[in-house]
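The values are calculated or read from the model by the stated rules, or taken from the named source; none is laboratory data. Just so you know, these numbers come straight off a predicted model, no measurement behind them. Here the Cβ is made from the backbone with ideal geometry for all residues, glycine too, and neighbour counts use every protein chain on show.
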């Protein structure tokens with residue numbers, strides 16, 4: 001009787017054990033398959049097998065994390081997030097990919113939370129790097145500054161982090177910025193020019209009469225190194241310090257234009273505050289120039305020149321405006337006046353030469369001697385040498401143009417105006433194959449910017 005009663009129980013136990021054994025086998029088989037797939041770089045398959053293994057090997061809380069990492073490596077970020085949310089994370093790699101997945105999905109607030117929590121557990125340079133990225137995307141400069149301080153503490157050899165930290169310190173703690181900027185320059189010589197600009201700005205800023213103008217100078221430096229978001233913040237800080245600072249308002253308008261906004265309201269506010277400021281007038285002239293409103297541009301530059309008659313920048317601006325209107329005689333006179341006011345500055349000689357080349361105005365008599373003088377003043381400057389090549393091209397000296405432009409490209413392969421001018425010189429020589437090769441190179445270069453469009457237009461025109 002007892003044996004008959006025990007038999008069903010034993011059978012049930014055996015069935016349960018058999019099912020458990022089958023589940024264990026399936027789990028370990030899936031785990032092995034997941035590892036093999038990951039080793040082969042088949043990350044999507046690995047993610048699925050890790051998740052399958054996790055369902056069977058329920059005590060292995062790390063398997064969903066591994067599934068999330070693999071899914072992220074496969075680029076399946078929604079699946080990665082779902083896996084990461086199944087179990088608490090245990091590794092730095094898991095936290096890093098969880099944060100990265102949130103970033104890739106545009107979930108910046110959640111990414112900030114994940115990165116902060118993970119960095120608090122692991123004190124990881126990689127997590128602080130991601131956190132700095134998140135704060136930068138949010139335009140939370142204080143948060144980015146804090147994250148970069150931690151990142152550079154753990155990763156002192158990261159040149160970009162040092163440079164970015166130096167930028168933010170220039171805005172918030174100028175006295176501490178120089179050390180970071182110098183370190184960035186030592187780590188990567190490519191930032192030398194930007195670092196020198198920021199150092200010079202810090203020196204000029206310290207000489208300003210008040211904190212508002214100090215921020216304006218810092219903002220101008222940010223603009224020169226092409227960080228217009230920080231420039232906008234600096235100008236806004238300047239206005240908070242002095243709402244009557246006309247130049248701060250005008251520069252804020254310029255920053256907004258650089259960031260794709262209109263900026264007109266800020267420029268009008270600047271004019272209301274100070275109608276006699278040459279800088280305000282010049283920034284308004286730039287606004288009109290971008291819109292092809294050359295009469296208004298000319299009016300602003302004429303007022304600026306009336307306030308500062310010895311400033312060559314305003315004369316060059318008058319030349320630009322007159323050229324836009326089509327008054328080439330007056331434009332030439334303005335460029336020549338700029339050269340007279342600043343004969344030691346190559347920029348004005350170059351502008352005069354380019355005007356002559358663009359408009360075929362006294363190219364031999366004035367344009368060619370002007371660019372030669374610019375080269376004498378700045379013999380190693382690639383912009384000036386490129387302009388020399390362009391003037392040679394415009395004056396029919398095609399072989400000379402090719403020689404100069406090839407030397408510019410050899411020294412500065414990413415200076416794309418020289419590539420465009422070289423292609424034009426090849427076309428003038430009838431060397432279509434060489435021109436085609438240059439233009440297709442520029443069109444396909446990820447850093448070519450607007451010059452990729454110029455290359456595309458030339459290709460469509462000459463190689464339909």
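Answer with yes or no whether residue 298 is touching a helix residue (DSSP H, G or I) at 6+ places or on another chain (Cβ under 8 Å), more than 25 Å from residue 275 (Cα to Cα) and part of a helix (DSSP H, G or I). Spelling it out, it is not the case that residue 298 is touching a helix residue (DSSP H, G or I) at 6+ places or on another chain (Cβ under 8 Å), more than 25 Å from residue 275 (Cα to Cα) and part of a helix (DSSP H, G or I). Here residue 110 passes the criteria (1) within 30 Å of residue 191 (Cα to Cα); (2) assigned to a helix (DSSP H, G or I); (3) under 25 Å from the mean Cα position of the chain (by Cα) except the one numbered (1).
Listed by first and then second residue, the pairs with beta-carbon distance under 7 Å, at least 6 apart or on different chains, first residue in region 347-370 and at positive phi, second modelled with pLDDT of 95 or more and crowded, with 21+ Cβ neighbours inside 10 Å, are 362/356. Among residues of region 229-238 being without any contact (Cβ under 8 Å) to a residue 60 or more places away in the chain and crowded, with 20+ Cβ neighbours inside 10 Å, the one that is nearest to residue 165 (Cα to Cα) is 231.
Residue by residue, here is whether (1) at pLDDT 95 or above; (2) closer than 30 Å to residue 118 by Cβ; (3) in a helix (DSSP H, G or I); (4) under 23 Å from the mean Cα position of the chain (by Cα) holds:
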| site | (1), (2), (3), (4) |
| --- | --- |
| 175 | no, no, yes, no |
| 208 | no, no, no, no |
| 214 | yes, no, yes, no |
| 217 | yes, no, yes, yes |
| 221 | yes, no, yes, yes |
| 254 | yes, no, yes, yes |
| 260 | yes, no, no, yes |
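The residues of region 171-196 that are crowded, with 18+ Cβ neighbours inside 10 Å, farther than 17 Å from residue 144 by Cβ and touching a helix residue (DSSP H, G or I) at 6+ places or on another chain (Cβ under 6 Å), listed by number, are 183, 185, 191, 195. Taking region 316-329 as the range and being assigned to a helix (DSSP H, G or I) and free of Cβ contacts under 8 Å to residues at least 12 places away in the same chain as the test, only 329 passes. Between 78, 88, the distinction of being part of a loop (DSSP other than H, G, I, E, B) and touching a helix residue (DSSP H, G or I) at 6+ places or on another chain (Cβ under 9 Å) belongs to 88 only.
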